[in-house]
Amino acid sequence: MAETMGRRKNRKMAQRRPQFGTRCLTDPRQVFQHNAWDNVEWSAEQEEAAQKKVQENSQPLPAEKQEEFDNRANEYWNDFYTIHENHFFKDRHWLFTEFPELAPQQKPPRDAEENLLNGEDVPSTHTDTEFPGASASYRILEVGCGVGNTVFPILKTNNDPGLFVYCCDFSSTAVDLVKSNPEYDPSRCHAFVHDMSDTSAEYPIPDHSLDVIVLIFVLSALHPQKMQNSINRLARLLKPGGVLLLRDYGRYDMAQLRFKKGRCLSENFYVRGDGTRVYFFTQDELHDLFSNAGLEKVQNMVDRRLQVNRGKQLTMYRVWVQCKYRKVLAPT
């Protein structure tokens, strides 16, 4: 009973949560009335200052140092999750407002749907022994799942009996934390370790089997030269008509402007103090990555937000890119 009430509460929260872009600052004197403002326009001077700041700190580290960060990436992410465990990120309940594909789809299971179309009752030929979630009618994969701040809200909110969720991460420590969570249910979810930049590594899911792939602040952690092949590989997993959802760091985000000299690996690509890496995208760069993988644009937008610390009277400008790209339907 308590679990059912919790799921209802999560669904109601998702329904009430307004979409990004609905709270706009029209009077600068009101800036500290809320914690955040959407669609904040940058002045030409602000844009120029950001470009200058990036240029000042764009001298790349020596090649041998860059190679070291690349080779030890797994070690750095394991250390990150060992230190922070599940205390660093908050659950992302905003996902259902921005990406309704993650909410209940209210459609019959695949086999029941096919049987109705054929006018007969044919038993299912799919079994979970083929691959995890083989009998599911709706499959979601999150790449770069961390400790489950996307996966668990999906499992709580989406009670579709045909749903199966896959989640993977580069860090074995993160995946262990997902599996040890009391809300992890192997009958509805399969967590596994996977390096998305290693395109020779097999996913435990056949090609053309996924309805949704989710990339939330994960593509930016890859070396830019490995991004295209990684997206190409993910695109093969999607069914025709399936969608890839992304939210990631945009060019001149506050985090980029805060990097000091000695942290740049290559243009718009940096290493943090803990050894983890991050890239800052433009809309065009992401569009090229997805379209080159055979996906068509549904959404590609910049979310410029002004976050406010009302206690300290501070303002912080965030820039994120949000995308939705669909695999082209096979010709009839």
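The values are calculated or read from the model by the stated rules, or taken from the named source; none is laboratory data. Just so it is clear, the model here is predicted, and its values are computed rather than measured. Cβ coordinates were reconstructed from backbone atoms using ideal geometry, including for glycine residues, and neighbour counts include every protein chain displayed. These accessible areas exclude ligands, DNA and RNA; they are computed on the full protein's heavy atoms, side chains included. Shrake-Rupley method; radii C 1.70, N 1.55, O 1.52, S 1.80 Å.
Model label sites at Tyr317 and Asn78, defined 7 Å from Cα along the beta-carbon direction, differ in position by 4.0 nm. You can think of it this way: the chain between Lys65 and Asn159 has 29.1 nm of extra reach, that is 0.36 nm per residue less the Cα-Cα gap. Classification of the stretch 143-214 by its C-alpha gyration tensor yields an oblate form. The axis ratio a/c (a ≥ b ≥ c) is 1.5 or more, and b/c is at least a/b. Electrostatic bookkeeping for Phe281 treats Lys and Arg as +1 and Asp and Glu as -1; over the other residues with beta carbon under 10 Å from its beta carbon, the sum is -3. Between Gln105 and Arg258, the C-beta separation translates, for a Förster distance of 25 Å, into a calculated FRET efficiency of about 0.05. These residues, His194, His208, His223, His287, go from largest to smallest accessible area, 1.4 Å probe, as His208, His287, His223, His194. Computed from the Cβ-Cβ distance with R0 of 30 Å, the FRET efficiency linking Glu45 to Gln299 stands at 0.50. Among residues other than Ser200 whose Cβ falls under 14 Å from its Cβ, what is the net charge (Lys/Arg +1, Asp/Glu -1)? Residues close to Ser200 contribute a combined charge of 0.
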